[in-house]
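Here's the structure, in structure tokens; my notes come after.
None of the figures in this text is laboratory data; all of them are computed from the coordinates on show. Being a predicted model, the structure only gives us computed values, none of them experimental. Ideal geometry is used to build each Cβ from the backbone, glycine not excepted, and the neighbour counts take in all protein chains shown.
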Amino acid sequence: MRRRRLSDGLLAAAAGALLAAAFPGTGWSLCAWFALVPLFRAIDGESVGKAFRLGWIAGVLFFGLSLDWIPATIARAGVTNRFALWIPWAATAAALALYPALFAAGLRYWQIRVGGDGLAIAVALWVGLEWCRSTLFLPCPWDLLGYSQAPLLPLLQLCDLTGIYGVSALVVGVNHGLYNTFAGRAPLVRLALLGAVWLLAMLYGDRRLTEKFRVEREQLARHVRRRERRHRGERIGRAPCPFRRIEQRSHPFYEPCSIDRIANEPGVVRDHQLAGAAAVARDDG
């Protein structure tokens with residue numbers, strides 16, 4: 001029993017470390033697709049209370065490693081006391097770890113009371129808790145699971161339809177499907193369906209990016225053609241300059257002044273556009 005407790009704690013800690021490694025600070029985004037598998041193994045067959053504790057351990061490691069920038073940020077403000085540097089970091093990690101703890105406890109409660117592996121409730125719980133953490137009292141949208149897929153631009157285009165929570169839901173679903181498939185509790189077809197959803201999301205994202213790049217190329221081509229026409233001296237339609245009429249009216253007056261000034265002081269020339277603006281100011285005055 002004691003050995004089982006130690007192994008469960010190590011599995012939960014491994015889940016937290018893998019989650020932290022999946023985010024851009026480390027750049028191993030692939031870890032997110034199996035980071036929750038050790039946590040699912042640790043809480044399997046356990047009570048709701050123990051699942052809560054194991055989820056909290058995973059959350060402490062996850063947020064403790066991913067929020068390591070907090071002490072450095074406080075130090076830049078001039079704080080030198082070590083307790084003042086590290087206590088906010090530890091308190092933040094411990095508080096945010098409650099969300100993975102609630103996820104693990106809620107999933108185990110559903111499995112005990114209703115039965116089954118709870119794929120749908122696992123996805124709904126994780127996404128719902130992320131939404132609560134990002135929106136409700138003291139919102140803290142740091143390190144949502146979908147952010148780990150920042151290097152995978154086609155997948156992130158799913159945010160057009162679902163927001164970042166859709167990416168998080170897909171990652172949690174794949175993790176849950178992996179564990180239950182290899183544990184022999186779910187058919188391989190379920191994992192194949194999850195893979196098909198991932199592939200459809202990638203194809204949608206690739207199409208969106210292709211359209212975006214096509215529009216940008218067309219805009220760039222129009223800009224290049226416009227510059228070439230301007231370079232050749234062709235007339236290009238543009239909005240009328242508000243100072244054009246004033247410049248034409250003031251030019252006959254300032255041109256002789258500039259000619260006289262050049263004769264007396266070489267190198268000094270009046271700017272007729274600025275002169276027109278000055279004339280407006282003088283007329284308004």
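At a glance:
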item: The range 1-53: chymotrypsin sites (Phe, Trp or Tyr not before Pro) in DSSP coil with no more than 16 other Cβ atoms inside 10 Å; result: 28, 34
item: Packing-based ranking, highest mean first, of 64-74, 179-189, 10-20 given that Cβ atoms within 10 Å are counted; result: 10-20, 64-74, 179-189
item: Sites residue 140 and residue 207, calculated FRET efficiency, Cβ-Cβ separation with R0 30 Å, nearest 0.05; result: 0.35
item: Pairwise label distance in nanometres, residue 189 with residue 219, each label 7 Å out on the Cα-Cβ vector; result: 4.7 nm
